[in-house]
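First up is the structure itself, then whatever we jot down about it.
The values are calculated or read from the model by the stated rules, or taken from the named source; none is laboratory data. Just so we're clear, the structure is a prediction, and the values are computed from it rather than from any experiment. Cβ: placed from backbone, ideal geometry, glycine included. Neighbour counts: every protein chain shown.
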Amino acid sequence: DATLWMAARHSFVLPEERRVPAVKDSLKWEFERSIDELMRRMGEGPYLMGDEMTVPDILAAHCGMWARAAKFPLNNAAFNAYVQRMCAREAFARVRARA
């Protein structure tokens, strides 16, 4: 979340003269490292905290969709599958339909 927000700040939020576009490469690297660690800690469970979906799962899926929209590299197959599972949930489809 913080890494993606920093990239957004240097893309369009900050005044143009304050942006440092070159920082985005290191942010993409940092994001990939964070995702790899998140998936390592998740283990084999379907959700971050085990067998039940919790708020952290919603946040992680949100960040996955944000990263995709921001064209961040998403090279972790486990994370990609996790975000797809989260987006395939019936509740997600209902919320998406209202947007």
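Sort through ALA77, ALA99, ALA60, ALA69 and tell me the only one that's at pLDDT below 95, within 30 Å of LYS24 (Cα to Cα) and small (Gly, Ala, Ser).
The conditions single out ALA99.
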Practice task
Could you tell me whether the range 23-37 includes any residue that is within 17 Å of MET6 (Cα to Cα), free of Cβ contacts under 8 Å to residues at least 12 places away in the same chain and acidic (Asp, Glu)?
Solution key: yes
Exercise for the section: Test LEU74 against the stated conditions and say whether it is part of a loop (DSSP other than H, G, I, E, B), under 13 Å from the mean Cα position of the chain (by Cα), surrounded by 12 or more Cβ atoms within 10 Å (Cβ to Cβ) and touching a residue at least 24 places away in the same chain (Cβ under 8 Å). Expected result: yes
Exercise for the section: Sort through LEU38, LEU4, LEU27 and tell me the only one that's within 17 Å of ASN75 (Cα to Cα) and touching a Cys at 6+ places or on another chain (Cβ under 8 Å). Expected result: LEU4
Handout entry: In the range 26-49, the residues that are under 16 Å from HIS62 (Cα atoms), among the hydrophobic types (A, V, I, L, M, F, W, C) and outside any loop (DSSP other than H, G, I, E, B)
Key = PHE31, ILE35, LEU38, MET39
Handout entry: the range 10-22 - residue that is loosely packed, with under 15 Cβ neighbours inside 10 Å and assigned to a helix (DSSP H, G or I) and, of those, nearest to the chain's Cα centre (by Cα)
Key = SER11
Practice task
Filter the range 27-44 down to the residues that are at negative phi and exposed (fewer than 12 other Cβ atoms within 10 Å of the Cβ), then identify the one that is modelled with the lowest pLDDT.
Solution key: GLU44
